[in-house]
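Novice: Quick one: the structure is below, questions incoming.
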Amino acid sequence: MSHDGSGGSPARTSKDTRKHTPFQFSDITTIEIAPVAIDPAPATHVDLQELGTITPPSSERNECLVVAPLESDNKGGSDSCVEDKTHTPIKSANLSDSCAGFDDLSPVELSDNDNTTVGKATNHLNDEPLSCWNSDHELTKAVDQGGHDEDLFDEEPKATSSDSLSVSSEEDEWDNLVDPEVLRSDWAPLLAIPEHRFRLALLEQLPRGHDFNTDDVRCVDMIQGGNNLVRILEIAVCEDDDFYGGRWIIKVPCTGTAQRWQDSDAYMLRNDAQTMWYIRENTDIPCPEMIAFSDKLGNVLGAPFIIMRANDGIPANKIWFDQTDDDEDDLDYAHLVDEDRMKIRVNFLCSLARHMAELRALEFDRAGTLNFDEDPEDPIIGPTYHWKTVSDLVKLTTDDMATPASINCIPSYATSFEYFQAALDKQWPRDENTRLHVNNGRRNIMCAMLASAPFNKSIKVGDNKETFVLRHDDLDFQNILCDPKTGEVTGIIDWDKCRAAPRCIGFASLPAFLTQDWAPEFSTFAHPHMPWELDEYRNVYTRAMLEATGSEGDGKFTLKSAIYEAANAALYGGHSGGSVPNFVHLVLKELKATRKFDDLDILTALGRGDWTQGEWMVRRDVSSLVAPQSKIEPVEPTVHPY
């Protein structure tokens, strides 16, 4: 079997498993399809006869659809998402100014001579500059008294009550949720694309010479995922034809229409596609084989796309859980498995850790998106573009969804401390006006954490300079394919928004399904595994990662990466949600100095800045809580008797 790269919804194991029914166009007969002008240059593609190197644009052969890169005055990877702004590095001395009572913390010191600049914005739509994450901290108030996100950007469009999207506000812990019912999506035109256009798109981009026609191509499935429309196709070939045989995937982003598509979307698609190629070329990870992509609308589909060969295997939830008679995951008895099932689970975890550890060979000098616009084989690090979170998008109008007002631009960063601290200053600035000190108490907890290892530096043992590694943005069951009999990993898919990141949240991080007890929605009866079960599986995965990386390698971050990931989600958002209040609440429950006290009392005292004894204990406990761990005692998962 093979699987797609449609992009998943939030990491909820029971809901990520979808039963796919072949799509019937009779269901949408009321939608009329406008003619699409076909660009004679259909897509950038990979020539497999040339060892997989991406074919550069060629005016003579006229075979590549090329989009001009975002212009930048800086050739070293700085960002083009800030207009007329100068990037100011965050100094460690700033911590004492922003964290009352925590003025003796000493995170990594940045050079006073760092004159890194951010180029002028060139990513425009209708002459409107893309809103972005500035680094100069000239920000509007980001959090209201109740802890909710407010206007996080300097020039946020204001929607009136008559034209705002009708979406209810999220609770505090969901403010950073990347909503599966995405507000920027535009599904109807994509669902209306005739099936034969997908066949044509595949035939146009198949490597080597062939004499297939559309009658030889069969569409076997269509999947409407969280962020992508996916078509799965097969070519009628002889059984022994292992080149054209198997299945092919065409993935179209849900914003790939004239009403939604923007320069920043194109930037992310082409770099996501080439990142997959880059990983496949430089590691042994079973990443999908990308053969072509187009980041424009002027092609046979009338929509941007990525074409890749499908990986064999079944989604990992199918080997992790027993299956009911209806072919659904048996979540009620996930803890009651026999020895055979447990062996498959353990083998799966070890196999996944070994594959992810392959990424240790790839290091970068900044945190951000791999940008191949200047060199298809040697990327620089550029900005990352994300949709705004639900709490921001609901403030916009429907028309705003087609403008840069609906997108965040996160610049690249040269240090780990800067990466985290810039987001904290944006999401949770110090509140000088409130008489209630709770919000500042939360900020002080976060400051203490960011001043501690591993957040303050991203340095490999033996190095003096910070380096960054790749992270998979959604390493969950639905994006991992396995051998159904052994649990061996056969494919890791959906590399959308894969980027270089600080080592503590990089490739060595636990997969998402082992971090759910640190997510906002975790509860006793909503998830298949209890925290003590997750601890056992985390132990297995950590030991496998440490074996692959060595005790001094990034495997030392694995065991506690659920905490690191929760902190990152609180600051940048995540598939399972995240917020500073929820994260700090979980942290206080773990600290010896605070776990027996009421949150409100502790946070008020920390926010006032006059609780010297408590502040010292909190700093000590926070540092201990998040300290990397390179040696662990083996713990085997429990096989419960029936």
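Residues checked against (1) farther than 20 Å from ASP186 by Cα; (2) in contact with an Asp or Glu (Cβ under 7 Å, 6 or more places away or on another chain):
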{"site": "ASP216", "(1), (2)": "yes, no"}
{"site": "GLN224", "(1), (2)": "no, no"}
{"site": "TRP248", "(1), (2)": "yes, no"}
{"site": "ALA258", "(1), (2)": "no, no"}
{"site": "MET276", "(1), (2)": "yes, no"}
{"site": "THR283", "(1), (2)": "yes, yes"}
{"site": "PRO286", "(1), (2)": "yes, no"}
{"site": "ASN311", "(1), (2)": "yes, no"}
{"site": "ASN317", "(1), (2)": "yes, yes"}
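Novice: Here is a follow-up. From the list ARG184, ARG197, pick out the single residue that is open to solvent by less than 50 Å² (accessible area, probe 1.4 Å) and assigned to a loop (DSSP other than H, G, I, E, B).
Specialist: Answer to the selection: ARG184.
Novice: Could you grab me the full set of residues in the range 409-467 that are closer than 29 Å to LEU359 by Cβ and among the basic types (Lys, Arg)?
Specialist: Passing the criteria: LYS426, LYS457, LYS460, LYS465.
Novice: Additional query: In the range 235-270, what residues are within 18 Å of the chain's Cα centre (by Cα) and more than 24 Å from PRO194 (Cβ to Cβ)?
Specialist: SER264, TYR267, MET268, ARG270
Novice: Let me ask you something else. Go through (1) part of a helix (DSSP H, G or I); (2) in contact with a Lys or Arg (Cβ under 7 Å, 6 or more places away or on another chain) for SER509 and report which single condition fails.
Specialist: (1)
Novice: In addition: Under the condition of being touching a residue at least 40 places away in the same chain (Cβ under 8 Å) and of a type in the set (S, T, N, Q), which residue from the range 613-642 is surrounded by the most Cβ atoms within 10 Å (Cβ to Cβ)?
Specialist: SER630
Novice: Filter the helices (runs of 4 or more DSSP H) completely within the range 370-485 down to those with at least 2 residues that are in contact with a Pro (Cβ under 6 Å, 6 or more places away or on another chain). Full working, then the answer.
Specialist: Numbers: elements: 390-393, 416-427, 438-450.
Of the helices (runs of 4 or more DSSP H) lying wholly inside the range 370-485, those with at least 2 residues that are in contact with a Pro (Cβ under 6 Å, 6 or more places away or on another chain) span 416-427.
Novice: Restricting to the range 204-234, what's the tally of residues that are open to solvent by less than 20 Å² (accessible area, probe 1.4 Å) and over 31 Å from the mean Cα position of the chain (by Cα)?
Specialist: Of the residues in the range 204-234, 1 are open to solvent by less than 20 Å² (accessible area, probe 1.4 Å) and over 31 Å from the mean Cα position of the chain (by Cα).
Novice: Taking the range 379-401 as the search range and keeping residues that are of a type outside the set (D, E, K, R) and open to solvent by 30 Å² or more (accessible area, probe 1.4 Å), which one is farthest from GLY578 (Cα to Cα)?
Specialist: ILE380
Novice: Something else about it: Write out, first by first residue and then by second, each pair whose Cβ atoms fall under 7 Å of each other, whose residues are 6+ apart or on separate chains, and whose first residue, in the range 319-332, is among the polar types (S, T, N, Q) while the second is part of a loop (DSSP other than H, G, I, E, B) and open to solvent by less than 60 Å² (accessible area, probe 1.4 Å).
Specialist: GLN323/ASP330; THR324/ASP330
The values are calculated or read from the model by the stated rules, or taken from the named source; none is laboratory data. Note that this is a predicted model, so its numbers are computed, not measured. Reconstructed Cβ throughout: ideal geometry from the backbone, glycine too, with neighbour counts over all protein chains shown. Just the protein is used for accessible areas: all its heavy atoms, side chains included, with ligands, DNA and RNA removed. Shrake-Rupley method; radii C 1.70, N 1.55, O 1.52, S 1.80 Å.
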